[in-house]
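Only one structure is covered here, and it is reproduced in the block below.
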Amino acid sequence: MSKSIFWAGDSTVKENDFTTYPQTGIGQGMHLFTKKEVLINNYAENGRSTKNFIDESRLAVIYDEIRKDDFLFIQFGHNDGKIEDPNRYCEAFGEYQENLEKFVNVARNRKAHPVLITPLCRRWFQGNNQLQEDIHGDYPKAMIDTAQRLDVPYIDLFSASVDCLKSLGIDGSKKLFMNLIASDYVNYPEGLDDNTHLRYEGAVLFANIIALELKNLGGIYGELLLTPDKLLNLRRI
């Protein structure tokens, strides 16, 4: 029987269509690294935090569909910190952790395998071309703390993406995100300066990082991957 990856998250993970092209979510990039028989059910949506994802019954839908030995990838943190929006805001060492535990329990109650994934770092370089590394505050730490407390595997995509963006620099990293020149794309005739959402190159690069971390976890996680022994590190994409 084929296995499925269920993905809960925000716009950095979402499955996009032609109406937002060339925006591409990390979940779309994962198809390049997983076995053909592994299904990816991407429930990530724009603007979602752990709180409104649950409040809108999106987690309930996953509970109804996920099965034994499936996987639930849980990636939040971009929107949980938006204190100006009570529908989304969750204190990092508080409701955010409580909500993450609800996601973990959904997977475990269905005998599936939860994986916590810290949020992708935004490409925000300061005036001296230094990457703003504290962009997500305590949320990555709070997720890792939850993973360790609940004995859940986790992938620290935040730290890995910080390293990647610093390595590529302000110019080299620009092509990963939705920094678009006017008239290049029908959907964005005036261009765009967006350092949160990804283009195809970014989605593939960060999906590659997740795949490498799944390989490092080994066992059932490595078994999701297409030829893990030949997996490449594409950080210089």
**Message:** Give me Rg/Rg_expected for segment 114-215, where Rg uses Cα atoms only and Rg_expected = 2.2 N^0.38 Å with N residues.
**Reply:** 1.19
**Computed magnitude of the charge dipole of segment 97-171 (debye, nearest 20; Cβ of K, R +1, Cβ of D, E -1)** = 380 debye
**Message:** Starting from the 7 Å offset along Cα-to-Cβ, what nm value, one decimal, do you get for the label separation of Leu217 and Asn233?
**Reply:** 2.0 nm
**Item:** Sum of -39500 (n - 2.57) over DSSP H runs of 4+, divided by residues of the chain (222 nm, nearest 500)
**Value:** -10000 deg cm²/dmol
**Asked** In the calculated pair distance distribution of the chain, what percentage of Cα-Cα distances lie above 26 Å?
**Response** 35 percent
**Prompt:** Rounded to the nearest 20 Debye, what is the dipole magnitude of segment 4-230 about its Cα centre when Lys and Arg each give +1 and Asp and Glu each give -1 at the C-beta?
**Reply:** 560 debye
**Asked** If amide H atoms are built 1.01 Å from N in the plane of the peptide, which residues on other chains or at least 5 residues away come under 5 Å of the amide H of Phe6?
**Response** Asn41, Phe71, Leu72, Phe73
**Request:** For an R0 of 30 angstrom, estimate the FRET efficiency from the Cβ-Cβ distance between Asp134 and Thr19 and round to the nearest 0.05.
**Result:** 0.35
**Asked** How high is the relative contact order of the chain, in percent, with contacts defined as C-alpha pairs under 8 Å that are six or more residues apart?
**Response** 22 percent
**Message:** Suppose R0 equals 30 Å. What FRET efficiency, 1/(1 + (r/R0)^6) with r the Cβ-Cβ distance, do Lys141 and Ser183 give to the nearest 0.05?
**Reply:** 0.10
**Request:** Provide the FRET efficiency to the nearest 0.05 for the Val61-Glu98 pair, computing r from the beta carbons and using R0 = 30 Å.
**Result:** 0.90
**Request:** Select from segment 37-87 those GluC sites (Glu not before Pro) which occupy a DSSP coil region and have at most 16 other Cβ atoms within 10 Å, ordered by residue number.
**Result:** Glu37, Glu56, Glu84
**Request:** Quote to one decimal, in nm, the extra length available between Glu84 and Ile170 on full extension: 0.36 nm per residue of separation minus the C-alpha distance between them.
**Result:** 28.0 nm
**Request:** Whole Å is fine, so just give me how far the alpha carbon centre of segment 1-38 lies from that of segment 44-108.
**Result:** 17 Å
**Request:** Putting +1 on Lys and Arg Cβ atoms and -1 on Asp and Glu Cβ atoms, find which of Gly29, Leu212, Met143 reaches farthest to the positive end of the dipole of the chain.
**Result:** Leu212
**Request:** Could you give the DSSP H helices of the chain that reach 24 angstrom or more along their long axis (alpha carbon positions) and whose average Kyte-Doolittle hydropathy is no lower than -0.5?
**Result:** 200-217
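Laboratory data are not the source of any read-out in this text; all were calculated from the coordinates shown. Source: prediction; values computed, not measured. No Cβ is skipped: glycine too gets one built from the backbone with ideal geometry, and neighbour counts run over all protein chains shown.
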